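Enquirer: Structure below; questions to follow.
The values are calculated or read from the model by the stated rules, or taken from the named source; none is laboratory data. For clarity, every value in this text was computed on a predicted model and none was experimentally measured. So basically every Cβ, Gly included, is an ideal-geometry build from the backbone, and we count neighbours across all protein chains shown. Side chains are part of the model used for accessible areas, which takes the heavy atoms of the whole protein and leaves out ligands, DNA and RNA. Shrake-Rupley method; radii C 1.70, N 1.55, O 1.52, S 1.80 Å.
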Amino acid sequence: MTQNKNLAELSAAGISVWLDDLSRDRIRSGNLQDLIDTKSVVGVTTNPSIFQAALSTGEAYDEQVTKLAGEGADVETTIRTVTTDDVREACDILMPQYEASAGVDGRVSIEVDPRMAHDADKTYEQAVELWKIVDRPNLLIKIPATEAGIPAIAKVIGEGISVNVTLIFSVERYELVMNAYLEGLEKARAAGHDLDKIHSVASFFVSRVDSEIDSRLDAIGTPDAEALKGKAALANARLAYVAYQQIFEVAPRFRELVGSGARPQRPLWASTGVKSDAYPDTMYVTELVSPNTVNTMPEKTMDAVADHGEIVGDTVSGKGPESQEIFDRISALGIDISDVFLTLENEGVQKFEAAWNELLEATGEQLRQAGQKS
């Protein structure tokens, strides 16, 4: 099959194209394989909201839920079984991409229970449990970059487990994430793990930054505020890339680990679907092209890029100074940037927790109905 030209160009520019979605229908219908064959997809990310949507739609899970109900499985066990089965099957589908890229791509992510976002010990324990259950080398365990998540990341990496760090909004928190990764690699090396087998991405959320800052700019309502709308998210991501280059291309700490096989923790642009009709629907893809990065897209955004995305080469490198100037101007208007990022992190955790609770409730109802039929 022929790869879409725009997405192939994106891939050639150094971006790994990942799909931000997964469902059993997508796996079993051959749709995931089709996206690999025609849209340059080389990875998949999931989150509690994605699983909640998948399990609440259609009949793909009915047979398994009925079987688990007959075995007396509780709600938590049912969700863990169903979601890890989907992720394991997706890992198998993407194994050729994993092998062809020497483990860099072909990755599928599964997230720890979001209710554990502020408990480092429970996050670590479930990360190890999920790694063992899925039992695939191309798995990534998603851990949120909360204050409690940072030490958990280092500890999980130290066990030789590959991690996708999620819900990163600020460059300051991103720097802590990168250092936690390096600390984890140092622990893993001391424990005798093969660093070449440990991979990580850092999921830096994009569109939500514009949504939050734009609303605060609207409240100010001046021409200067209006002129800054739609600029913060790209500037934030570009500053994150500067931080990535400093840690993994300049600073000595990582270079010392490279001799033991260590890989850089690639930036992953997440939340790349545009949330405002005022902006081009490909903006958070075409304006974030830089080497050694990942862009995980909902299928709607991927289709938009495939249809009319203009890939013009690197749109990130060298833009640190102008990106910092944008944030200086936003701060000068009286917007508390630290509060913006704290608000986004809290909302992100709450949204995933709400989706997880909806999933628990819906699955519980399915189990009850299945039990009544048997």
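Enquirer: Just checking, does the stretch 224-237 include any residue being in a loop (DSSP other than H, G, I, E, B), modelled with pLDDT of 95 or more and crowded, with 19+ Cβ neighbours inside 10 Å?
Expert: Yes, the stretch 224-237 contains at least one residue that is in a loop (DSSP other than H, G, I, E, B), modelled with pLDDT of 95 or more and crowded, with 19+ Cβ neighbours inside 10 Å.
Enquirer: Name the one entry in GLU310, GLU325 that is in a helix (DSSP H, G or I) and either over 25 Å from ALA145 (Cα atoms) or in contact (Cβ under 8 Å) with a residue 60 or more places away in the chain (or both).
Expert: From the options GLU310, GLU325, the qualifying one is GLU325.
Enquirer: Part of a helix (DSSP H, G or I), open to solvent by 20 Å² or more (accessible area, probe 1.4 Å) and out of contact with any helix residue (DSSP H, G or I) (no Cβ under 9 Å at 6 or more places or on another chain) - does that describe any residue in the stretch 164-178?
Expert: Taking every residue of the stretch 164-178 in turn, none turns out to be part of a helix (DSSP H, G or I), open to solvent by 20 Å² or more (accessible area, probe 1.4 Å) and out of contact with any helix residue (DSSP H, G or I) (no Cβ under 9 Å at 6 or more places or on another chain).
Enquirer: Conditions first: (1) under 30 Å from ASP224 (Cα atoms); (2) in contact with a Leu (Cβ under 8 Å, 6 or more places away or on another chain); (3) part of a helix (DSSP H, G or I); (4) open to solvent by less than 20 Å² (accessible area, probe 1.4 Å). LEU288 passes all but one, so which condition is the exception?
Expert: The failed condition is (3).
Enquirer: Between a first residue in the stretch 186-206 that is open to solvent by less than 20 Å² (accessible area, probe 1.4 Å) and a second residue that is in a loop (DSSP other than H, G, I, E, B) and aromatic (Phe, Trp, Tyr), which pairs have beta carbons less than 9 Å apart while being 6 or more apart in sequence or on different chains?
Expert: PHE204/PHE169; PHE205/PHE169
Enquirer: Also, quick follow-up: Within the stretch 79-106, take every residue that is hydrophobic (A, V, I, L, M, F, W, C) and assigned to a helix (DSSP H, G or I) and give me the one that is surrounded by the fewest Cβ atoms within 10 Å (Cβ to Cβ).
Expert: Taking the candidates together, the pick is ALA100.
Conditions tested, residue by residue: (1) more than 30 Å from GLY14 (Cα to Cα); (2) surrounded by 14 or more Cβ atoms within 10 Å (Cβ to Cβ); (3) among the aliphatic types (A, V, I, L, M).
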{"site": "GLY313", "(1), (2), (3)": "no, no, no"}
{"site": "LYS319", "(1), (2), (3)": "no, yes, no"}
{"site": "GLU325", "(1), (2), (3)": "no, no, no"}
{"site": "ILE330", "(1), (2), (3)": "yes, yes, yes"}
{"site": "LEU342", "(1), (2), (3)": "yes, yes, yes"}
{"site": "ASN346", "(1), (2), (3)": "yes, no, no"}
{"site": "LYS351", "(1), (2), (3)": "yes, yes, no"}
{"site": "ALA370", "(1), (2), (3)": "yes, yes, yes"}
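Enquirer: For THR38, are the conditions met, namely being more than 20 Å from the chain's Cα centre (by Cα) and at pLDDT 95 or above?
Expert: yes
Enquirer: Something else: Starting from residues that are farther than 20 Å from GLY230 by Cβ and either open to solvent by 50 Å² or more (accessible area, probe 1.4 Å) or among the small types (Gly, Ala, Ser) (or both), keep the ones in the stretch 292-311 and report whichever is farthest from the chain's Cα centre (by Cα).
Expert: This residue is ASP307.
Enquirer: Could you check, for the stretch 56-67, whether at least one of its residues is open to solvent by less than 40 Å² (accessible area, probe 1.4 Å), outside any helix (DSSP H, G or I) and in contact with a helix residue (DSSP H, G or I) (Cβ under 9 Å, 6 or more places away or on another chain)?
Expert: Yes: the stretch 56-67 contains one or more residues that are open to solvent by less than 40 Å² (accessible area, probe 1.4 Å), outside any helix (DSSP H, G or I) and in contact with a helix residue (DSSP H, G or I) (Cβ under 9 Å, 6 or more places away or on another chain).
Enquirer: Output the qualifying pairs, or none if there are none: Cβ atoms under 6 angstrom, residues six or more apart or on different chains, first residue in the stretch 241-267 and at negative phi, second residue acidic (Asp, Glu).
Expert: So the pair list comes out as ALA243/GLU175.
Enquirer: Look at the stretch 15-25 and say how many of its residues are within 19 Å of the chain's Cα centre (by Cα) and open to solvent by 30 Å² or more (accessible area, probe 1.4 Å).
Expert: Number of matching residues: 2.
Enquirer: I'd like to check something: does the stretch 260-282 contain any residue that is surrounded by fewer than 19 Cβ atoms within 10 Å (Cβ to Cβ), within 28 Å of HIS193 (Cβ to Cβ) and of a type in the set (Gly, Ala, Ser)?
Expert: Yes, because at least one residue in the stretch 260-282 is surrounded by fewer than 19 Cβ atoms within 10 Å (Cβ to Cβ), within 28 Å of HIS193 (Cβ to Cβ) and of a type in the set (Gly, Ala, Ser).
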